[in-house]
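Below is one structure, written out as structure tokens; comments come after it.
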Amino acid sequence: MASAKASATYIRMSPRKVKIVLDLIRNLPCEKALAVLKFTPNIAAEPVLKVLVSAMANAEENHNMFPEDLYVSECFVGQGPTLKRVHARARGRSDRILKKTSHIYLAVSDGEE
């Protein structure tokens, strides 16, 4: 079973939000996964859509697979480095704001042995 991979790193979004979208498309045919992502109102759908299109293009160009035979075989998200910021509070104090980043990984396969 051949597979093609794509990834997006340092996406300025919490991995928890991205995981919700990835759970929607796991093990779906790529045609259906594209439709689901286009009509999902979640903000994380946009970077996941870009990674899926990139993985499909990699499969077509590098492995000579047909786009209509592809399905999402593997997708997961990892946490990237956290950006630490300071927010001014009352009486001269400060609070930390943690801005999380994500690394999105996606693989598509054609189902052939």
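The values are calculated or read from the model by the stated rules, or taken from the named source; none is laboratory data. Please read all numbers here as calculations on a predicted model, not as lab measurements. Positions of Cβ are generated from backbone atoms using ideal geometry, with glycine treated the same way; all protein chains shown enter the neighbour counts. Ligands, DNA and RNA are excluded from the accessible area calculation, which covers all protein heavy atoms including side chains. Shrake-Rupley method; radii C 1.70, N 1.55, O 1.52, S 1.80 Å.
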Charge dipole magnitude, Cβ of K and R +1, D and E -1 - the chain, Cα centre, debye nearest 20: 1700 debye
Value of [θ]222 nm, deg cm²/dmol, for the chain, DSSP H segments ≥ 4, -39500 (n - 2.57) each, nearest 500: -10500 deg cm²/dmol
Cleavage-rule hits, trypsin sites (Lys or Arg not before Pro), region 1-86, DSSP coil, Cβ neighbours within 10 Å at most 11: R12
Charge-dipole axis of region 48-113 as Lys and Arg at +1 and Asp and Glu at -1 on Cβ define it, positive-most pick from H63, Y105, V86: V86
In region 5-113, chymotrypsin sites (Phe, Trp or Tyr not before Pro) in a DSSP loop with at most 12 other beta-carbon atoms within 10 Å: F39
Separation of alpha-carbon centers, region 1-54 and region 74-113, rounded to whole Å: 15 Å
Percent carbon-and-sulfur accessible area, region 46-113, ignoring ligands, DNA and RNA, probe 1.4 Å: 47 percent
Listed residues A44, A57, A35, most fluctuating in the chain (Gaussian network, C-alpha, under 10 Å): A35
Highest-MSF residue in the chain out of D23, D69, D95 [GNM, Cα springs under 10 Å]: D95
